[in-house]
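Down below is the structure, laid out as structure tokens.
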Amino acid sequence: MAPAAASGGSTLPSGFSVFTTFPDLLFIFEFVFGGLVWILVAASRVPIPLIQGWVMFVSVFCFVATTALLILYMINAHGGETSWVTLDAAYNCVAALLYLSASVLEALATILTRDGYTYKQYHENISAVVFSYVATLLYVIHAIFSLIRWKSS
């Protein structure tokens with residue numbers, strides 16, 4: 001099953017082949033960078049609660065949903081059904097859009113509050129912006145390859 005998923009086939013991996021197939025390997029990096037965004041925003045000052053509340057919602061939602069999908073793929077909950085390929089493509093597209101909106105808003109919040117922060121707090125927010133854009137890029141790449149897999153199914 002792993003070679004078909006790696007070559008753009010229509011099947012989803014199961015078991016530990018999730019860690020060896022592309023784009024499903026991106027789950028790990030999405031998990032790491034999404035967790036970093038979550039930690040950095042939670043640890044920073046919150047001068048604009050509405051904006052940073054949205055960033056926290058997106059990062060926690062995507063962190064939990066990515067973890068759930070990774071576990072479901074590992075235990076072969078999809079059973080090879082093509083409806084899971086559609087779910088995978090839809091989730092990654094939605095996550096990419098959500099993370100793009102969160103990244104732009106976090107960058108805006110960081111720019112607007114530049115003067116009111118100490119050096120350390122400002123750099124925490126800059127790090128959150130950078131990791132948020134990296135997570136966005138990962139979800140976009142995952143969405144593109146999931147859509148390719150969906151189209152071929």
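Side notes on the structure shown:
- When residues in region 83-127 are screened for being within 20 Å of T67 (Cβ to Cβ) and either of a type in the set (A, V, I, L, M) or modelled with pLDDT of 90 or more (or both), 14 of them pass.
- Set I148, I126: member being farther than 19 Å from W54 by Cα and out of contact with any His (no Cβ under 9 Å at 6 or more places or on another chain): I148
- Region 123-140, residues that are under 9 Å from N92 (Cβ atoms) and of a type in the set (A, V, I, L, M, F, W, C): V140
- Scanning region 10-28 for residues that are surrounded by fewer than 17 Cβ atoms within 10 Å (Cβ to Cβ) and either small (G, A, S) or at pLDDT 80 or above (or both) yields S10, G15, F22, I28.
One line per residue, one yes/no per condition, for (1) without any contact (Cβ under 8 Å) to a residue 12 or more places away in the chain; (2) open to solvent by 80 Å² or more (accessible area, probe 1.4 Å); (3) closer than 19 Å to L12 by Cβ; (4) out of contact with any Pro (no Cβ under 7 Å at 6 or more places or on another chain):
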{"site": "I111", "(1), (2), (3), (4)": "yes, yes, no, yes"}
{"site": "Y122", "(1), (2), (3), (4)": "no, no, no, yes"}
{"site": "F131", "(1), (2), (3), (4)": "no, no, no, yes"}
{"site": "Y139", "(1), (2), (3), (4)": "no, no, yes, yes"}
{"site": "A143", "(1), (2), (3), (4)": "no, no, yes, yes"}
{"site": "S146", "(1), (2), (3), (4)": "no, no, yes, no"}
{"site": "R149", "(1), (2), (3), (4)": "no, no, yes, yes"}
{"site": "S152", "(1), (2), (3), (4)": "no, no, yes, yes"}
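- Filtered residue count, region 75-107, keeping only those that are touching a helix residue (DSSP H, G or I) at 6+ places or on another chain (Cβ under 7 Å) and open to solvent by 60 Å² or more (accessible area, probe 1.4 Å): 3
The values are calculated or read from the model by the stated rules, or taken from the named source; none is laboratory data. Since the structure is predicted, the reported quantities are computational estimates derived from the model, not experimental observations. Because the Cβ atoms are built from the backbone with ideal geometry, glycine has one as well, and the counts that use them run over all protein chains shown. The area values use the complete protein model at the heavy-atom level, side chains included, leaving out ligands, DNA and RNA. Shrake-Rupley method; radii C 1.70, N 1.55, O 1.52, S 1.80 Å.
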